[in-house]
Amino acid sequence: MENFLIDASPRDLVYTLHRAGGELVDDYDGYTHTRRSETPVQDIPRNSFNVEHFAARLAFPLSLPIWGRSVDSYRFTGAALADGELIELPLVHTQDDRVKGVLTVSDDFRMAVKLDTPTLLIKYTEIAAARRAQATGGNAPIRFGQSG
């Protein structure tokens, strides 16, 4: 399991992803549709789907493969289980009902904090507002500690 540090501003469609040791993995700007990583800057076509690195996808929930679209692997079952501040939404594979998963949403943060399927685990272990947001009260990036 790898650990990452993500600085993300979902509202601004931008994020920067580093490995826990500090190595840059991905840097994406949704406004300019450019990506910077271990390779030179790349232009991403504007109609691209799922451009986010897997580790960043909880910050951009529409990129998760869970909505029952033709490109998705999972869909919601319609049931939900509240466990304190966390809400678990069971998932079932679109091709095989025996394959299950769970999307966990934090009621406090109003965001997805964990996706657990047999082939993909993304979990945010720490969530904190960036300093700029605390200082200005504005909509600034969110910092996520992530493993998966």
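Values quoted throughout were computed directly from the atomic coordinates according to the rules given, and no laboratory measurement underlies them. Here the structure is a predicted model, which means the values were calculated and not measured. Quick reminder, even Gly has a Cβ in these numbers, built from the backbone with ideal geometry, and neighbours come from all protein chains shown.
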> Which residues in segment 53-79 have a backbone N closer than 17 Å to a point placed 7 Å from the Cα of Thr94 along the Cα-to-Cβ line?
Replying inline: 61-78
> Summing Lys, Arg as +1 and Asp, Glu as -1, what charge do residues with Cβ under 14 Å from the Cβ of Pro90 carry, Pro90 excluded?
Replying inline: 0
>> Largest first, please: the extent of the C-alpha atoms of segment 58-104 along each principal axis, to the nearest Å.
In response: 33, 26, 13
